[in-house]
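The values are calculated or read from the model by the stated rules, or taken from the named source; none is laboratory data. From a predicted model like this one, the values you see are computed outputs, not experimental measurements. In this analysis, Cβ positions are derived from the backbone assuming ideal geometry, glycine residues included, and neighbour counts consider all displayed protein chains. All accessible areas refer to the heavy atoms of the entire protein, side chains included, with ligands and DNA or RNA removed. Shrake-Rupley method; radii C 1.70, N 1.55, O 1.52, S 1.80 Å.
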Amino acid sequence: RAKQQGRNRYCFFSEDLEAELMRRHDIEMLLRHAIDQDGFEVFFQPQFALRNMALIGAEALVRLRDKDGNFISPADFIPLAEETGLINQLGRQVLRKSCLAAKGWQRYGKELRVAVNIAAKQFSNPAFIDEVAAALEESELRSHLLELEVTESALMLDFDQAQSTLVKLSALGLSIAIDDFGTGYSSLSYLKLFPVDVLKIDQSFVRDMLDDGQSLDIVRTIVHLAKSLNLTLVGEGVEREPQKQTLLELGCDLGQGFLFARPLPADEFERLLVG
Ligand code: C2E
Ligand code: MG
Ligand code: MG
Ligand code: MG
């Protein structure tokens, strides 16, 4: 009986595994197709100065649709893109589209910044710096309007390489943001050693800070840290007015979240600029 049970269990496991492999295979095919056919979209989520609600820029967020036109979450396909190495091609195209879009916004007389997410594997690719330079050159976007978002874990894979990459990138004149700040690395000394410009407080702290004193303390600490290191601070995942108020009172510079705007298709984002 034990043997029988064991075999059953193996069967269940194997069916789950098979379904998971099929799902991954489907997403991988969609990714390859999208890369070849320019089939993914880049959405833009507005970022505002909390002080006066001036629009200051947007975060670029990639979107992929399945065969039925439904969106697949980046949380599902970005890790797979990293595993398969497709992230390098995908990321290059996102960077290119984002720079071209931000250049286009200038038609409306707006000098808006675009923030582009960079996966760990992209960041450690030796060709990455040249790709960034090429995207800036092609788009003719001034480099101070480009921000690259990296996570602490991407920076900590290889500390020395990360430092030299960041120094070269910031020599191009663009800015570096640490995404999901507060969830990753436990030591903060890298903030002194690396040319970092922006911290994005992780959404989980913003979500919990009004119900949970510890999250509020963490946000307060991050605000002080950013001020003393002269870094710009972005509060992410702002969904409710009291969260906005609290961030503003604590001294957080910028806000991004569903309270203000969802990530928008490029044309909808441009409609914000007309007014
Ligand atoms: P992220 O960089 O931290 O991006 C913020 C995510 O939070 C986005 O999810 C955005 O839609 C969502 N968000 C914005 N405001 C709110 C809010 O008020 N409440 C809640 N609950 N969520 C909010 P999205 O677009 O699904 O992206 C998820 C993650 O996928 C991103 O997290 C980023 O790590 C990754 N990602 C997205 N686009 C790219 C890309 O082009 N390249 C790379 N390498 N990663 C990307
Ligand atoms: Mg981000
Ligand atoms: Mg984030
Ligand atoms: Mg600075």
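Quick rundown of the values:
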{"quantity": "Using alpha-carbon coordinates, inclination of helix 2-37 to the longest axis of the chain, degrees", "calculated": "50"}
{"quantity": "Å² of accessible area per residue within the stretch 94-176, as computed with a 1.4 Å probe and no ligands counted", "calculated": "42"}
{"quantity": "Cα gyration tensor category, rounded, prolate or oblate, for the stretch 120-204 with a/c compared to 1.5", "calculated": "prolate"}
{"quantity": "FRET E, pair Arg23, Asn52, Förster distance 51 Å, beta-carbon r, rounded to 0.05", "calculated": "0.65"}
{"quantity": "Rounded accessible area per residue of the stretch 202-275, 1.4 Å, Å²", "calculated": "51"}
{"quantity": "Cα-based Rg and Dmax for the stretch 65-197, where Dmax is the largest Cα-Cα distance (Å)", "calculated": "15.3, 48"}
{"quantity": "Glu41-Asp208 FRET efficiency (beta carbon distance; Förster radius 30 Å; 0.05 resolution)", "calculated": "0.45"}
{"quantity": "Anisotropy class of the stretch 163-204 from Cα gyration tensor, a/c 1.5 cut", "calculated": "oblate"}
{"quantity": "Lysine pairs with alpha-carbon atoms under 25 Å apart, the chain, spacing 8 or more or separate chains", "calculated": "20"}
{"quantity": "Average projected area [Cα convex hull, the chain], square nanometres", "calculated": "18.1"}
{"quantity": "Carbon + sulfur, % of accessible area of the stretch 78-199 - ligands and nucleic acids excluded, 1.4 Å", "calculated": "51"}
{"quantity": "FRET E, pair Arg271, Ala133, Förster distance 41 Å, beta-carbon r, rounded to 0.05", "calculated": "0.85"}
